[in-house]
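A short worksheet on the structure shown next.
The values are calculated or read from the model by the stated rules, or taken from the named source; none is laboratory data. Every value quoted in this text rests on a predicted model; they were computed, and no experiment measured them. Neighbour counts are summed over all protein chains in view; Cβ atoms, including those assigned to glycine, are modelled from backbone coordinates with ideal geometry.
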Amino acid sequence: MSVPEIKSIGDTYQLHWQDEHILMNIDHITEGDAITGEFTVSLNGNQSLQHIYQGRLNMLSVTGKKSFVDALKKRLDLEWDTIIEQACYKTIKAYRQGEPVVQIGNLPERSKNRYILYPYVMADSMTTIYGYGGSCKSYLAAFIALMIQTGVDCIGFYPIKSNVMILDWEACKEDWDERIKAIRVGMGIQSDELPYYKRCYRTLADDILEIQRETLAHDIKMVIIDSVGMASGISDSFHSSAIQMLRAARSLKLPILLIDHKSKANEIFGSVYKQNEVRSAFEIVNNQEEGADTVYISVEHTKMNNGPKTKRIGFEIEFIGDENITEVATFKRIDVTNIPELSKNLPLKDRIIGELKHGSMSVALLSEALEIKEDSLRVILNRHKDKFIKLSNGNWGLVEKGGLQ
């Protein structure tokens, strides 16, 4: 009789007896006068699952376990007494133990990378990308999902290959399928690896046990939630629904990318908990002329708990298709300072750099181009001598490694 391997996510447990080819999922656990769980037993052979039995069992009841064993013996001749006893013991132990208590301050160095895709997906935390509707948040999320699922490096991103699941409350599988197909063509990704998808209706908190089961079944290592508002649902307060959603997401113990909306105050919409509980947050702003096939987006790092914020990243997304289908979507990295509509909210130092990239200028011309008072410009120019240099003719230029630009 083999010893089962046990895996868990939240309060969902999966046990595998390799020699006997038995796979058992135990979830919907409740504890009161008894500790009960829903058992789903399958025969795991030839890369396919054959259902054997499903039922609810009091894991501390001798008569309950005997009845469960008798039902299983009618379906398949195995040492079910031992299998069920192992399952109950290991599950109760893991359920009650939770996370172990450890001493911190002298732990070994991290054995894995902090990111699975820098800077947007941290390996052990939740990250939010937020913006107004129509700002290409979901297209950027699809690009991130495809890079991580395939492990293919694209335009300066170097993902760690991992199975991805998209949990979608806003669109449908056809929309996401079209995005993934278009990006694969546009970016020349040949890999047959594809992310997993689940259309959702109930709140994340209400559906979390089924989602935990799916993440175990497909060996999911990263989750995208689109979008946070719908995943949270409606309650008497934004805070209550947000906390329940975040608690459910945290139970997955996986890297999570949250897609959220922005309020008129340029903040994550709704509860302050959605801002506070994520470790990293990015605001996305887009610019697209009417009828144009190209959209420009700026992604600004607005929050980082563990370290410095990264520089703003710009993207150009070119779409090829018609009103019925997008056939190609190509991502390129761009310098945001070259897009006036996106550079307006940049720090003044970066806006000056953007102007001086085209050649040296006088303070007067800079003032006119940037619509900034000359006194304010002089303060920044003189403060950042590592970036700017005053030339003999009175103009200002950029200092780059190796000399004046």
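Let me spell it out: the conditions are (1) more than 30 Å from residue 319 (Cα to Cα); (2) buried (at least 21 other Cβ atoms within 10 Å of the Cβ); (3) not acidic (Asp, Glu), and residue 276 meets all of them except one. Which number is the exception?
Looking at each condition in turn, residue 276 falls short on (2).
From 63, 40, 128, which residue is part of a helix (DSSP H, G or I) and hydroxyl-bearing (Ser, Thr, Tyr)?
Working: 40 fails: part of a helix (DSSP H, G or I); 128 fails: part of a helix (DSSP H, G or I).
Testing whether each residue is part of a helix (DSSP H, G or I) and hydroxyl-bearing (Ser, Thr, Tyr) leaves just 63.
Within segment 199-216, how many residues are free of Cβ contacts under 8 Å to residues at least 60 places away in the same chain and either in a helix (DSSP H, G or I) or surrounded by fewer than 18 Cβ atoms within 10 Å (Cβ to Cβ) (or both)? Steps first, please.
Start the filter on segment 199-216 by keeping residues that are free of Cβ contacts under 8 Å to residues at least 60 places away in the same chain, which leaves 199-207, 210-211, 214.
From what is left, the residues that are either in a helix (DSSP H, G or I) or surrounded by fewer than 18 Cβ atoms within 10 Å (Cβ to Cβ) (or both) are 199, 201-202, 204-207, 210-211, 214.
The total comes to 10.
Please state which one of 319, 315 is part of a strand (DSSP E or B), aromatic (Phe, Trp, Tyr) and buried (at least 21 other Cβ atoms within 10 Å of the Cβ).
Values: 319 fails: buried (at least 21 other Cβ atoms within 10 Å of the Cβ).
It is 315.
Name the pairs: first residue in segment 363-375 and farther than 20 Å from residue 392 by Cα and modelled with pLDDT under 85, second residue assigned to a helix (DSSP H, G or I) and of a type in the set (Asp, Glu), Cβ to Cβ under 8 Å, at least 6 apart or on different chains?
369/355; 370/355
Of the residues that sit in segment 131-173 and are assigned to a helix (DSSP H, G or I) and aromatic (Phe, Trp, Tyr), which one is surrounded by the fewest Cβ atoms within 10 Å (Cβ to Cβ)?
In the first step, residues of segment 131-173 are kept if they are assigned to a helix (DSSP H, G or I); the result is 137-150, 173.
This time we only want the ones that are aromatic (Phe, Trp, Tyr), so: 139, 143.
Values: 139: 21, 143: 25.
Out of the qualifying residues, it is 139.
Could you tell me whether segment 314-326 includes any residue that is charged (D, E, K, R), modelled with pLDDT of 90 or more and either within 26 Å of the chain's Cα centre (by Cα) or at positive phi (or both)?
yes
Does residue 158 satisfy the criteria of being among the aromatic types (Phe, Trp, Tyr) and under 26 Å from residue 25 (Cβ atoms)? First the steps, then the outcome.
On the way: among the aromatic types (Phe, Trp, Tyr): yes; under 26 Å from residue 25 (Cβ atoms): no.
No.
With the structure loaded, tell me whether residue 20 is over 35 Å from the mean Cα position of the chain (by Cα) and in contact (Cβ under 8 Å) with a residue 60 or more places away in the chain or whether it fails that test. So that I can check it myself, show each step before the final result.
Details: over 35 Å from the mean Cα position of the chain (by Cα): yes; in contact (Cβ under 8 Å) with a residue 60 or more places away in the chain: yes.
It is true that residue 20 is over 35 Å from the mean Cα position of the chain (by Cα) and in contact (Cβ under 8 Å) with a residue 60 or more places away in the chain.
Just the residues that are closer than 25 Å to residue 143 by Cβ and of a type in the set (Ser, Thr, Tyr), please, taken from segment 312-367.
Matches in segment 312-367: 326, 330, 337, 343.
So the check is Cβ under 9 Å with 6+ separation or different chains; which pairs have a first residue in segment 87-101 that's closer than 12 Å to residue 26 by Cβ and a second one that's surrounded by fewer than 16 Cβ atoms within 10 Å (Cβ to Cβ) and at pLDDT 95 or above?
From residues that are closer than 12 Å to residue 26 by Cβ, the pairs are 88/60; 92/60.
Among the residues of segment 287-302, is there at least one that is assigned by TED's automatic domain parsing to the domain that holds residue 181, in a strand (DSSP E or B), at pLDDT below 90 and surrounded by fewer than 21 Cβ atoms within 10 Å (Cβ to Cβ)? Step through it out loud before you land on a result.
First, the residues of segment 287-302 that are assigned by TED's automatic domain parsing to the domain that holds residue 181: 287-302.
Retained after the next criterion (residues that are in a strand (DSSP E or B)): 287, 294-302.
Right, trim to at pLDDT below 90 and you get 287.
Cutting the leftovers down to surrounded by fewer than 21 Cβ atoms within 10 Å (Cβ to Cβ) gives us 287.
Checked against the condition, which is being assigned by TED's automatic domain parsing to the domain that holds residue 181, in a strand (DSSP E or B), at pLDDT below 90 and surrounded by fewer than 21 Cβ atoms within 10 Å (Cβ to Cβ), segment 287-302 yields at least one hit.
Please work out which residue is modelled with the highest pLDDT, limiting yourself to segment 241-286 and to residues that are assigned to a helix (DSSP H, G or I) and either outside the structural domain of residue 143 (by TED's automatic domain parsing) or hydroxyl-bearing (Ser, Thr, Tyr) (or both). Reasoning before the result, please.
Going residue by residue through segment 241-286, those that are assigned to a helix (DSSP H, G or I) are 241-251, 273-276.
Going one step further and asking which of them are either outside the structural domain of residue 143 (by TED's automatic domain parsing) or hydroxyl-bearing (Ser, Thr, Tyr) (or both), we end up with 241, 251, 273.
On the way: 241: 86, 251: 92, 273: 69.
Checking each candidate, the answer is 251.
Mind listing just one residue for me: the one in segment 322-338 that is touching a strand residue (DSSP E or B) at 6+ places or on another chain (Cβ under 6 Å) and either aromatic (Phe, Trp, Tyr) or in a strand (DSSP E or B) (or both) and, of those, surrounded by the most Cβ atoms within 10 Å (Cβ to Cβ)?
Once the filter is applied, the top-ranked residue is 329.
Condition first: of a type in the set (Asp, Glu) and either within 26 Å of the chain's Cα centre (by Cα) or surrounded by 15 or more Cβ atoms within 10 Å (Cβ to Cβ) (or both). Now tell me which residues in segment 339-361 satisfy that. Please lay out each step first, then the result.
We begin by selecting, within segment 339-361, every residue of a type in the set (Asp, Glu); these are 341, 350, 355.
Those that are of a type in the set (Asp, Glu) and either within 26 Å of the chain's Cα centre (by Cα) or surrounded by 15 or more Cβ atoms within 10 Å (Cβ to Cβ) (or both): 350, 355.
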